[in-house]
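K.L.:
Below you will find the structure I want to go over with you.
The values are calculated or read from the model by the stated rules, or taken from the named source; none is laboratory data. All values reported here derive from a predicted model rather than from experimental measurement. Every residue, glycine as well, gets a Cβ built from its backbone with ideal geometry; the counts of neighbours run over all protein chains shown.
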Amino acid sequence: MGRCLALRFDGSGTRLAVMCEREVLLLDVATRLETARVPNPHPENLTAFDLAANGTRLLTAGHEGEVAFWDAVTLAPIRRISVSRSRRPGPRPPPGVPPPEVWAVVVALSPDGSRAAAVTIEGTVYVWDVATGAELIVDAHAEASGPPAGSLRFAGDGRLLAPTGDRRGMRLFDVSRKSSRIVASGGKAYHAVAITDDATGFAAITSDLAGGNLSYGVEIWRLPGKPSG
């Protein structure tokens with residue numbers, strides 16, 4: 001099954017999903033037994049995954065540029081969507097130059113499993129309706145790049161907090177209104193990000209080159225609540 005690369009509990013903490021290079025294992029925490037094994041549906045190694053907090057949906061991504069939605073109870077596949085096409089604005093590669101390879105490097109499911117999100121190596125943010133496969137958001141910027149090591153999280157109210165790797169640092173998306181705003185920006189580089197499970201705050205390891213000296217720091221941010229109305 002190759003190396004094991006990532007872990008995710010469900011919301012109750014009773015199930016643990018383990019992503020390895022070629023499959024995902026589901027474990028019962030109380031018994032410490034494997035309850036299910038999801039074979040890799042992708043032609044290449046897995047690059048990211050998530051388990052919905054309510055334990056009903058599983059999301060996987062492969063290096064070839066596809067994401068797959070699963071029923072985490074029956075292990076039946078729901079649908080597959082490709083993110084392999086570059087969405088970055090700007091000129092296309094000249095003739096004879098192959099297009100860039102694009103794949104999802106971080107993915108997330110909303111707590112109820114109804115929405116899914118991914119950020120690609122180019123920094124493009126996608127959000128889908130899991131039931132229909134409809135694209136709810138595609139956000140691509142010429143200056144974006146792959147996100148730093150870390151997480152991508154939906155809040156309980158459907159908002160999405162996404163590290164996009166560009167100079168804007170972090171964006172907060174209102175999926176229902178198809179809008180976003182910058183919540184952290186500046187000249188500092190983001191090296192790793194951790195987001196709270198309810199997406200109301202995050203921490204980042206940053207670095208700053210000032211006066212010829214490279215210094216590292218940890219920043220912790222708390223986000224305001226969603227405005228009413």
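K.L.:
When residues of the range 151-182 are filtered for being touching a Phe, Trp or Tyr at 6+ places or on another chain (Cβ under 6 Å) and of a type in the set (A, V, I, L, M, F, W, C), how many remain?
P.N.:
Counting residues in the range 151-182 that are touching a Phe, Trp or Tyr at 6+ places or on another chain (Cβ under 6 Å) and of a type in the set (A, V, I, L, M, F, W, C) gives 1.
K.L.:
Tell me which residues, restricted to the range 113-140, are assigned to a loop (DSSP other than H, G, I, E, B), surrounded by fewer than 17 Cβ atoms within 10 Å (Cβ to Cβ) and not polar (S, T, N, Q).
P.N.:
Once the filter is applied, which keeps residues that are assigned to a loop (DSSP other than H, G, I, E, B), surrounded by fewer than 17 Cβ atoms within 10 Å (Cβ to Cβ) and not polar (S, T, N, Q), the range 113-140 yields 131, 133, 134.
K.L.:
So which strands (runs of 3 or more DSSP E) are wholly in the range 141-229 and hold at least 1 residues that are in contact (Cβ under 8 Å) with a residue 12 or more places away in the chain, over 15 Å from residue 117 (Cβ atoms) and more than 16 Å from the chain's Cα centre (by Cα)?
P.N.:
By residue number, 179-184, 189-195, 201-210, 213-222.
K.L.:
Within the range 5-24, can you find the residues that are basic (Lys, Arg), more than 19 Å from residue 194 (Cβ to Cβ) and surrounded by 18 or more Cβ atoms within 10 Å (Cβ to Cβ)?
P.N.:
15
K.L.:
Checking the condition within 26 Å of residue 37 (Cα to Cα) and at pLDDT 95 or above, which residue from 79, 153, 115 passes?
P.N.:
One residue alone meets the criteria, 115.
K.L.:
If we keep just the residues of the range 69-85 that are more than 16 Å from residue 135 (Cβ to Cβ) and crowded, with 16+ Cβ neighbours inside 10 Å, which is nearest to the chain's Cα centre (by Cα)?
P.N.:
Among residues in the range 69-85 that are more than 16 Å from residue 135 (Cβ to Cβ) and crowded, with 16+ Cβ neighbours inside 10 Å, the one nearest to the chain's Cα centre (by Cα) is 70.
K.L.:
Name the one entry in 18, 67 that is under 22 Å from residue 147 (Cα atoms) and free of Cβ contacts under 8 Å to residues at least 40 places away in the same chain.
P.N.:
18
K.L.:
Does the range 134-146 contain at least one residue that is closer than 21 Å to residue 49 by Cβ and touching a Ser or Thr at 6+ places or on another chain (Cβ under 6 Å)?
P.N.:
No, every residue in the range 134-146 fails to be closer than 21 Å to residue 49 by Cβ and touching a Ser or Thr at 6+ places or on another chain (Cβ under 6 Å).
K.L.:
So for the range 93-112 (the condition being among the charged types (D, E, K, R) and outside any loop (DSSP other than H, G, I, E, B)), does at least one residue qualify?
P.N.:
No, the range 93-112 has no match at all.
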